[in-house]
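Just below is one structure, and these are the notes that go with it.
The values are calculated or read from the model by the stated rules, or taken from the named source; none is laboratory data. From a predicted model like this one, the values you see are computed outputs, not experimental measurements. Please note: Cβ atoms are built from the backbone with ideal geometry, for glycine as well, and neighbour counts cover all protein chains shown.
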């Protein structure tokens, strides 16, 4: 496959399959809470460890210049394979008895962190590979790729609704349902590794190799236009991963509280995260035409409204699901546009460093809100706990509005601010 659209299709499939690892433990947190006797802090660390590992992996990859030393499709393949193996090690190597001990749980967190490190070799290099095939239509291509990532992140919630134990019967070897789900996610990542190695190739628009510049870490915050784009991204990240982590828990609780099957809540959780794939593709198609600041501001406004509303609807699962579908659509639709804006506003020779810094700071910030919601929702309820995510999009709206009025904004989307 030597043309750009088939390459985008297979690369998107690779991202979808590999990113099923991200929330593989978070999607079964209810089962692990019972089996391992987890508290709120431990539940939060099941996701926060991946965030931290992703930051470490992204920074290490940039400093070591791995994407230029190793063919990008090989880096993606090796990383997806390693991520799948680390994830499978939890299901195969950690018994419920071990999960209830401090040492066993520490091993789980270490493996989750290593999974995050591996995923840093899947997502950013995947974006780089896409850019080597697309000059025109890059906005749509980015949207499709981030949409695939989003659908992959949602997939564990769908896998968790399947009666894997019943389907496999004796061949399940007595493994618990949560273990089978995690092994399914690992299998998907290994398939992604094979596809990346066999079918993904670098396109003709490969940029010149760049080196990470530590001295640019401070400079990037001194450039006002770039700083405002980064602040918009940080406002977006303040909300995104905390919502992806905890809204599925809210939905399951809402459905079971109303007397519905838990599987109905899991399907609603999959829909909430997965619908973001449509939002990403649509925003990517529109951003180059109507402007990056318009797309990001509209997305942030809608997601902010949902943040302030969703938690108070726990007693109304149907209405809650409707709001969460809108939320899931909007909350990630703007994601790729912040990175694209920084690439357009920053110094061309330092774009790689700028994007690495943006990603690392943004994912570190997600750890704050993931933990914040985990601590607060048992105390103050879902409504207030989720409402405290609203300052993020409000902060982002302010800075993207200010960026829109700056002369430098003409550099974005061929003059479409």
*Got a sec? Which of 149, 162, 180, 158 is closer than 23 Å to residue 248 by Cβ, in a loop (DSSP other than H, G, I, E, B) and outside the structural domain of residue 241 (by TED's automatic domain parsing)?*
162
*If you take the residues in segment 208-225 that are assigned to a loop (DSSP other than H, G, I, E, B) and at pLDDT below 80, which one is farthest from residue 72 (Cα to Cα)?*
215
*For residues in segment 300-335 being without any contact (Cβ under 8 Å) to a residue 40 or more places away in the chain and within 22 Å of the chain's Cα centre (by Cα), which is nearest to residue 264 (Cα to Cα)?*
322
*What residue, of 246, 221, is in the same structural domain as residue 276 (by TED's automatic domain parsing) and more than 16 Å from residue 372 (Cα to Cα)?*
221
*asked:* Quick check on my filter: what residues within segment 158-207 are at pLDDT below 80, closer than 26 Å to residue 111 by Cβ and surrounded by 14 or more Cβ atoms within 10 Å (Cβ to Cβ)?
replied: 164, 165, 172
*Can you tell me which of 139, 126, 103 is over 20 Å from residue 360 (Cα atoms), assigned by TED's automatic domain parsing to the domain that holds residue 25 and touching a residue at least 12 places away in the same chain (Cβ under 8 Å)?*
139
*Selection status of residue 106, within 24 Å of residue 7 (Cβ to Cβ) and over 22 Å from the mean Cα position of the chain (by Cα)*: no
